[in-house]
Amino acid sequence: MYYTTWGPVRGGCGHVHRTLSGAQACLARDGRGCRRQGGYSDRLIRAIANPAEARAYDVTRGPGQPAKAVRLERVVMATEALTDALMARLIRS
Ligand SMILES: [Zn+2]
């Protein structure tokens with residue numbers, strides 16, 4: 001999993017970030033740069049499956065998927081794993 005940043009108006013940063021915190025730092029830098037010029041950045045973090053997606057993507061939909069959806073998916077998966085473990089314990093006892 002890689003990350004990049006993109007907004008429908010501002011476009012993408014074109015970077016391939018290996019960590020979520022790296023993408024967050026890039027987003028913060030872009031926000032500061034835009035504010036200095038009296039504007040704001042509409043970029044958000046996007047999760048991409050491979051580095052090429054940071055540069056080649058549908059310009060209206062953006063690269064990959066919103067990182068928020070990825071985080072939510074992980075929470076659901078973790079919850080399911082926990083439920084499975086609890087059920088297995090209940091069945092054994
Ligand atoms: Zn970036």
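Before moving on, here are some points about what is shown:
- Charge context of G62, other residues only, Cβ under 14 angstrom, K/R +1, D/E -1: +3
- Total formal charge among the other residues, if their Cβ is under 15 angstrom from that of E53, Lys/Arg +1 and Asp/Glu -1: +3
- Pair A52, H15: separation of 7 Å Cα→Cβ label points (nm): 2.4
- Mean residue ellipticity (222 nm) of the chain, computed from DSSP H runs ≥ 4 via -39,500 (n - 2.57), nearest 500: -16000 deg cm²/dmol
- Taking the average, over residues, of other Cβ atoms within 10 Å as the packing measure, peptides 35-43, 78-86, 19-27 rank 19-27, 35-43, 78-86 from highest down.
Rule-based calculations on the coordinates, nothing more; no lab input. Computed from a predicted structure; not experimentally measured. Using ideal geometry, Cβ is built from the backbone for each residue, glycine included, and neighbour counts are taken over all protein chains shown.
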